1. Could you list 164, 147 so that the one with the fewest beta carbons within 10 Å of its beta carbon is first and the one with the most is last?
2. Please identify which residues in the stretch 53-71 have an amide N closer than 20 Å to a label point set 7 Å out from the Cα of residue 83, following the Cα→Cβ vector.
C-alpha cells in the first residue's frame, strides 16, 4: 500500500484525501474534533502500538545502511538483487547509498526490502518517554507561556500574585483535561 499524492498517512494507516469519515470529515479533521475521552483512548492505542519499537530506537544503524548490511549478510549479490527488483545493478548501489544517507523514499525502501525477502517496518517513536508524556510536555509548555504572560501583565500593573509554578501545573491539568490527554 503506497502513499501517493491523493493519500495521507496517519497512525492508523493510509487514507484517500477524497474519502470521508462517517461524520463527513476528512480523517484528520475527525481526530481534531474527537471528544476528550476518545483522544485519551487514541493516545493509549498509539503508545501500545509503539511499544515493540521502543527498544529498536536505540539500536545503532549499520554505517552503510540496512539494505547493504542485510544484502551482504544473506549472501545476495548486487546483480541478484537487481534482478529481483527488475532494475539495473547501478540502481541497487544508488538505493544502498541513498538509504545510508537518509535520502531514500519509503516506497523504494519497501521495494528493496521485499527484494531481500524482508518487510519494511517503520514507526515514529518519541525520543524519550511515551506519546502521553509528549502530550503532557506540550501542555506544560503552553501552560507556562499562558501563566507567564498573565503574570507579566499583572506585574506591570503591580498586581503580581506569585505562585507561578503552582499555576503552571494547574493550567497544565486544565489543558490536558480539556484536550482529553489525561
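All of the numbers you see were taken from the coordinates with simple rules; none came from a lab. Predicted, not measured: the structure shown is a model, and the values here were computed from it. Please note: Cβ atoms are built from the backbone with ideal geometry, for glycine as well, and neighbour counts cover all protein chains shown.
1. On the way: 164 14, 147 20.
The most exposed by this proxy come first: 164, 147.
2. Flagged as within label range: 68, 70-71.
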